[in-house]
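The values are calculated or read from the model by the stated rules, or taken from the named source; none is laboratory data. None of these values were measured; they are calculated from a predicted model. Please note: Cβ atoms are built from the backbone with ideal geometry, for glycine as well, and neighbour counts cover all protein chains shown.
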Amino acid sequence: YELRRETAWILGAPDPDTVVRERSIPLEQVLATAPSATAFPGAATVCLLDHTISLVQSDGSRVDTVHQVWRVEAPAGIERYHTLQLPGEVLVLRTVLPDGSRWEPIRTAENAEILMPRLAPGAVIEAAYRQVLPASRRGLDTGVFFFGDPGLTEPFVRSRWELRLPRGLAWEQRRHAMPAPTVERRADGSSWLVWERRDVARREPEPLQPPPEQIVPWARIVTPPSWDDLAERLRDGPLTGLTKPSPELERAARELGGSDLPARERLERIVRYVRDRVRRPGGERQASRVLAEGAGWRLPVIAALCRAQGLRADLVAATLGPGFAPPRDPSLPSLEWFRDVLLRVELPETGPVWLTNSGRLAPIGYVPRRFEGGLVLALDPTLGVTFDRIPQAAEQAHESRSHLEITLSGLDAGIVLRSTVRGLWQLKERIARTPRARLATGYVAPLLSRPFPGFELETFDFPSLEKAGAPLVLHATGRVPRWLRPRAGSERVRLPHNGFEPLPLSRHFASLDERHFPLVFTDATVRLEEVEIRLGPDWRLERLPPGDAEVTEIGTLSLSYADRGDRILVRRRLSLHPGTVDPERYPRLREQLRRFDEAQAQRIVLRRTR
């Protein structure tokens, strides 16, 4: 920073300290205009001032001077600010009490936590610090400046951001819920941009709300980015060097053989080979080390062996698909979007096949729903950067199905469960590594004991557990002594439940009476549960619940019952998908979920026959 000051003096430019001092807002002015504590009911603290002055250099680096003032409104606010850790050179740090006395903390090492003295309701904390920030790879990128609290915990009385931009520096503005800045042009060709926002109210956080960037006003200044810039970062980033040749990979390629086989068969042999030799997950990514250690990422090993077998295989950076990630501005590309790595193998007969890090036992070509429709960025040695879209997968690849038989014998119940789940390949891999005795006591018995307290496990099996691509299948049998508990002297009994636990959809999606923010659901599931209750000679049906069916903005729900004489059939199906529900449409969703939860809560009633 001192070097920057000396450079400014040599060039005849204004002294940075003088510039900042002239534009600073004195504490006395902040306190004189601060609203009273009654203006913020329910707030533990209030930010009276959040002011940043950014002096940007021609290379995109900058010096930020940050001045912040908070007031403690309630005892809970003392806990929030009793220690501070400022990310730069501390210029001012003190507590100001209502009587006007000022107390400075004892400071130790730079960037260490600092204990603030004399905090109590009514006390004011003033902090100012300076940061010297380097340019980004593409020049200037200020990051997002929020004109409010991104954590939605405290109101902001005044937020102000001032930037001095030098002549000749290319820049663009991005903003959300903010007007265009005030622009002050100077004789030396520089420009000042000034944004200010006052009285941003505190909002209670809500479940499943959008990210802060879609709620709180913000602004950002960047050097105009390009996809070519992103490609350069990718070229030097996470995909390079993972598949470089090594003696271990050459030896593995010789063991494989079969280079004259059809492309699909070669790929399947390679995947089986890697599954057998890399059986444990881990953080290692370099192909030769993964193969030598038998643990780590399998995709680089598969890619390297595909290339050795004459197959085109590209490790690609991938984004999440639509609905699983917040909206993105395509004019402002970022490497942060591409957080996942996939493998694309080109087969001449059928086109590209996609492989993911979904587990050792995932089928070839399986694409988790969160990636479907996402963008991938690949480095082609001839064409440079290329783009592709991840295809949509078949709907049934993401379903879970279960069939439960409950056979009544007196008050006892015999249980037979058959469940099939597709997509949980990593869970399947963990189950395959777990000893059978531990599976019985740590997984299967607890799974059935939740809906059936007192459940006694008799047999269980996971068919095709080691078969790659096969779904996770569980067969289990057992019994529940005294599952039915009729009242003394009564001939009727109400079932403890109708074969499955009620899903608390209202509690999960609609626990609030009203919403200020949209409800954003970014998951997807298809769940089908069928129950067959065999009455036996001791019971007959007295009453069936009516069931329910709902079509909502985040999916469809259905619950139905059928009387088959000596049996009762129950069917529940949920098909949920990503969706956004605006606050004005939220009451309808809440009512739909309430009706479905009420339908789930109703019970089948039986009557004794003897």
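For segment 314-330, does any single residue satisfy the condition of being part of a loop (DSSP other than H, G, I, E, B), free of Cβ contacts under 8 Å to residues at least 60 places away in the same chain, buried (at least 19 other Cβ atoms within 10 Å of the Cβ) and touching a helix residue (DSSP H, G or I) at 6+ places or on another chain (Cβ under 9 Å)? Yes; the residues of segment 314-330 include at least one that is part of a loop (DSSP other than H, G, I, E, B), free of Cβ contacts under 8 Å to residues at least 60 places away in the same chain, buried (at least 19 other Cβ atoms within 10 Å of the Cβ) and touching a helix residue (DSSP H, G or I) at 6+ places or on another chain (Cβ under 9 Å). Residues in segment 575-610 that are in a strand (DSSP E or B) and either surrounded by fewer than 19 Cβ atoms within 10 Å (Cβ to Cβ) or charged (D, E, K, R) (or both): 7 in all. Where strands (runs of 3 or more DSSP E) fall wholly inside segment 408-497, no range has 3 or more residues that are out of contact with any Ser or Thr (no Cβ under 8 Å at 6 or more places or on another chain), in the same structural domain as Glu542 (by TED's automatic domain parsing) and among the aromatic types (Phe, Trp, Tyr).
Flag: Ala393 matches the condition of being closer than 27 Å to Arg571 by Cβ, at pLDDT below 85 and crowded, with 16+ Cβ neighbours inside 10 Å.
Of all residues assigned to segment 95-107, at least one qualifies as being more than 34 Å from the chain's Cα centre (by Cα), assigned by TED's automatic domain parsing to the domain that holds Leu31 and of a type in the set (Lys, Arg).
The single condition from (1) touching a helix residue (DSSP H, G or I) at 6+ places or on another chain (Cβ under 9 Å); (2) exposed (fewer than 15 other Cβ atoms within 10 Å of the Cβ) that Ala468 fails is (2).
Among the residues of this structure, Ala76 does not count as one that is surrounded by fewer than 22 Cβ atoms within 10 Å (Cβ to Cβ), hydrophobic (A, V, I, L, M, F, W, C), farther than 17 Å from Ile221 by Cα and touching a residue at least 40 places away in the same chain (Cβ under 8 Å).
Exactly one residue out of Glu268, Glu293, Glu284 is under 24 Å from Pro391 (Cα atoms) and either touching a Gly at 6+ places or on another chain (Cβ under 9 Å) or in the same structural domain as Val353 (by TED's automatic domain parsing) (or both): that is Glu268. Taking strands (runs of 3 or more DSSP E) as the structural unit, those lying wholly within segment 121-223 and holding at least 2 residues that are exposed (fewer than 15 other Cβ atoms within 10 Å of the Cβ) and at pLDDT 95 or above correspond to 182-185, 191-200. Out of the residues in segment 538-568 meeting the condition of being hydroxyl-bearing (Ser, Thr, Tyr) and surrounded by 16 or more Cβ atoms within 10 Å (Cβ to Cβ), tell me which one is farthest from the chain's Cα centre (by Cα). Filtering segment 538-568 for residues that are hydroxyl-bearing (Ser, Thr, Tyr) and surrounded by 16 or more Cβ atoms within 10 Å (Cβ to Cβ), the one farthest from the chain's Cα centre (by Cα) comes out as Tyr561.
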